[in-house]
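Structure, as structure tokens:
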Amino acid sequence: MTLALSAEHEHQLRQASHGSIVALTGAGISAESKVPTFRGADGLWRRYRAEDLATPYAFAADPLTVWEWYDWRRGIIAAALPNAGHHCLRRLELAVGDQFQLITQNVDGLHQRAGTERVLELHGNIWRTRCTGEHHRVELMEQLPELPPCCECGALLRPDIVWFGESLDPGLLDRAFAAATGAALFLVIGTSAVVTPAADLPRLALAQGAFIAEINPEPTILTPIVHLSLRATAGEALPELVDIILDACTQ
Ligand code: APR
């Protein structure tokens, strides 16, 4: 695919590439790895009510059903591989180092499996669990021993994921807002941008003067306010976009 950027857009993108680069990703970047999104036509929320599954109340009422859903998702994600979109962001990180910060809403760990190290996981990670008794975290990569899983202390383990109605980790959030505030180039990739506070980040970056580029096959509520909106998938657009950014960095 060729991006066919206007000369002005390419010039602005190249200029912004000399500063701090932040990427915010959502479920769409994992779609080409066959991991279902939440709100697309085949989205998870089309088949399940979020209130029935991804809330502390749902877990308290029926931990088994909530864990059956997460176990099903873990199975899909375990079979998934990082795609070109994930690998392009790793290529960007390798080239610019600490000038790059990835912020993801995804819990699938595919950015890390692509090698990316500078990842802020705003909504947690599906491979981690948290003891509901002592609140420590337990990484459970393999098949869950039982459903619902229990901690050695006997208390239930819950997915270490931020549910609707819960707050994000304040330290993570501070780092994400600091990165957005200092960004010269802000990439918004594969998110419907409807869930806050993640959806506030591109707006904050825009207000601070960053060049905002969106990659999404569908328009979103951000589309009218970003500088560049590429109607493409992450796997289609990121290879050439990252080539342009890296070429600009070496100028
Ligand atoms: N490449 C890029 N974008 C894509 C692709 C693709 N191959 N396929 C789909 N998309 C876009 C869709 O058009 C949509 O705008 O990805 C977006 C996915 O949006 P959602 O399903 O709403 O996922 P996301 O934005 O990550 O949701 C945010 O909501 O349910 C909560 O905690 C959950 O982290 C999640 C948050």
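The values are calculated or read from the model by the stated rules, or taken from the named source; none is laboratory data. Only a predicted model underlies this, so the values are computations on that prediction, with no experimental measurement involved. Glycine also receives a Cβ, built like all others from the backbone with ideal geometry; neighbour counts cover every protein chain displayed. Accessible surface areas use protein heavy atoms only, side chains included; no ligands, DNA or RNA. Shrake-Rupley method; radii C 1.70, N 1.55, O 1.52, S 1.80 Å.
Looking at the range 131-241, the strands (runs of 3 or more DSSP E) lying wholly inside it that each contain 2 or more residues that are more than 17 Å from the chain's Cα centre (by Cα) and more than 13 Å from the ligand (Cβ to nearest atom) sit at 137-139, 157-161. Gln105 meets all of the listed conditions (1) of a type outside the set (Lys, Arg); (2) open to solvent by 10 Å² or more (accessible area, probe 1.4 Å); (3) farther than 30 Å from Thr181 by Cβ but one, namely (3). Per this entry, Ser192 is not counted among residues that are touching a strand residue (DSSP E or B) at 6+ places or on another chain (Cβ under 8 Å) and open to solvent by 30 Å² or more (accessible area, probe 1.4 Å). Of all residues in the range 151-172 being open to solvent by less than 60 Å² (accessible area, probe 1.4 Å) and free of Cβ contacts under 8 Å to residues at least 24 places away in the same chain, which is farthest from Thr65 (Cα to Cα)? Filtering first and then ranking leaves Gly171. Being surrounded by fewer than 18 Cβ atoms within 10 Å (Cβ to Cβ) and in contact with an Asp or Glu (Cβ under 6 Å, 6 or more places away or on another chain) holds for only one residue in Arg137, Arg203, Arg175, and it is Arg137. For the range 1-92, give me every one of the helices (runs of 4 or more DSSP H) that falls completely inside it and has 1 or more residues that are near the ligand (Cβ under 9 Å from one of its atoms) and not assigned by TED's automatic domain parsing to the domain that holds Glu146. So the answer is none; nothing clears 1.
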